[in-house]
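Trainee: Handing you a structure now.
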Amino acid sequence: MKKNLGLLVNYSDAPYIQYKPSIDEWAVNKNPITMKGLVVAVDTLRTGWGYIREGIAPEWHWDAVLGEAGPKPGEEFKRGFSLMVWLREHEWCEWVSNGAGVTRGFSEVWPSVYDGLAKNPGKAACLSYLGSRVQVFGKGTTRIPQFKLVKWIKLPSPPPQYSDEGAVTEDEPNNISSASWEEYSEPYPFSRDRYTYDSTYDYTNNTSSLSSSEPLAENKNQVDDEDVPF
C-alpha cells in the first residue's frame with residue numbers, strides 16, 4: 001500500500017498514433033503521416049484486454065504482469081497494448097491498439113526487442129518501418145505492419161504519462177472477430193516468457209504461433225548512438 005495514491009497526476013495530452021490497415025496509412029491525431037520508424041520507450045509497454053470504440057473513451061483491463069492475461073472481461077474485448085513512441089516531427093505519441101494487424105506486427109518484432117533489454121536498460125528501441133503485408137485472419141483480411149530493430153539509443157526526452165484517452169478504433173473488417181484473432185495469437189501477444197528473461201528460450205529461431213511466414217527482425221547493429229536513424 002502506498003501513501004501517495006497518485007490521484008492528482010496531470011496526465012499527458014500527447015498526440016496519439018494510429019495505423020489504418022484498410023488504406024495502409026499511418027496517422028497522428030487522424031492526420032496522415034509518412035511512417036519511417038518509431039523510437040519505442042520499452043518501459044512504458046502495457047498489455048491487456050481492451051474495448052475500443054470510435055468517439056468513446058476506451059475501456060482497458062491491464063495485465064498485472066506484462067503479457068500475463070487475466071480473465072476476458074467480455075466478448076467485445078480483444079488483446080492489445082499501450083506504448084509511448086517518439087517520432088521526429090511529433091515527438092512523444094501514445095500508441096494504443098487492440099487491432100489484429102497492429103498487435104500481430106508488434107508481436108513479431110518484440111522478440112528482437114526483448115533480446116536487447118538486458119544490455120540496454122533504460123534505453124529506447126529504434127524500430128525501422130518496413131511496410132506492411134496482407135494476411136488472412138479467419139474469414140477476414142487485414143494488413144500487418146512490419147518493423148525491424150536497428151539500434152538502441154538513450155531516450156530523446158522523458159516520455160509523458162498515459163492518459164488512456166487517445167485510443168481510437170482500428171478500421172479492420174468487422175468479420176475479423178476476437179475469436180478469429182485468438183486463433184492466431186496463442187500464446188497471447190507479449191506473453192510473460194517474452195519479457196521475463198529466460199536464457200533457455202530461442203528467440204532467433206522462434207517457432208511459436210506468433211511467427212509469420214517471414215523471418216523475425218534480427219537484433220543487429222545495436223550501438224550507443226544518440227542520433228535517431230529516421
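Trainee: Scan ALA167, ALA124 and give me the residue that is under 17 Å from LEU83 (Cβ atoms) and either touching a Cys at 6+ places or on another chain (Cβ under 6 Å) or at pLDDT 95 or above (or both).
Mentor: None of the others qualify; the one that does is ALA124.
Trainee: Sticking with this structure for a sec: Could you tell me whether any residue of the stretch 72-89 is surrounded by fewer than 16 Cβ atoms within 10 Å (Cβ to Cβ), under 20 Å from GLU25 (Cβ atoms) and either among the basic types (Lys, Arg) or in contact (Cβ under 8 Å) with a residue 24 or more places away in the chain (or both)?
Mentor: Within the stretch 72-89, one or more residues are surrounded by fewer than 16 Cβ atoms within 10 Å (Cβ to Cβ), under 20 Å from GLU25 (Cβ atoms) and either among the basic types (Lys, Arg) or in contact (Cβ under 8 Å) with a residue 24 or more places away in the chain (or both).
Trainee: Quick check on my filter: what residues within the stretch 138-162 are more than 18 Å from the chain's Cα centre (by Cα), assigned to a loop (DSSP other than H, G, I, E, B) and farther than 18 Å from PHE230 by Cβ?
Mentor: GLY138, LYS139, PRO158
Trainee: Sort out which residues of the stretch 138-166 are without any contact (Cβ under 8 Å) to a residue 12 or more places away in the chain and surrounded by 15 or more Cβ atoms within 10 Å (Cβ to Cβ), and write them in order of number.
Mentor: Answer for the stretch 138-166, where residues must be without any contact (Cβ under 8 Å) to a residue 12 or more places away in the chain and surrounded by 15 or more Cβ atoms within 10 Å (Cβ to Cβ): there is none.
Trainee: For the stretch 28-67, give me each residue that is of a type in the set (D, E, K, R), surrounded by 16 or more Cβ atoms within 10 Å (Cβ to Cβ) and closer than 23 Å to ALA124 by Cα.
Mentor: Result: ARG46, ASP63.
Trainee: Provide a single number: the residues in the stretch 46-68 that are of a type in the set (Gly, Ala, Ser) and in contact with a Lys or Arg (Cβ under 7 Å, 6 or more places away or on another chain).
Mentor: Result for the stretch 46-68: 2.
Trainee: With respect to SER12, is the statement that it is modelled with pLDDT under 95, within 19 Å of SER132 (Cβ to Cβ) and surrounded by fewer than 18 Cβ atoms within 10 Å (Cβ to Cβ) true?
Mentor: Considered against the rule, which asks whether it is modelled with pLDDT under 95, within 19 Å of SER132 (Cβ to Cβ) and surrounded by fewer than 18 Cβ atoms within 10 Å (Cβ to Cβ), SER12 comes out as no.
Trainee: Can you find a residue in the stretch 89-96 that is at pLDDT below 95 and assigned to a loop (DSSP other than H, G, I, E, B)?
Mentor: yes
Trainee: Moving on to the next point. Taking the stretch 115-137, which residues are surrounded by fewer than 19 Cβ atoms within 10 Å (Cβ to Cβ), part of a strand (DSSP E or B) and over 16 Å from the mean Cα position of the chain (by Cα)?
Mentor: Answer for the stretch 115-137, where residues must be surrounded by fewer than 19 Cβ atoms within 10 Å (Cβ to Cβ), part of a strand (DSSP E or B) and over 16 Å from the mean Cα position of the chain (by Cα): ARG133, VAL134, GLN135, VAL136.
The values are calculated or read from the model by the stated rules, or taken from the named source; none is laboratory data. Every value quoted in this text rests on a predicted model; they were computed, and no experiment measured them. Glycine also receives a Cβ, built like all others from the backbone with ideal geometry; neighbour counts cover every protein chain displayed.
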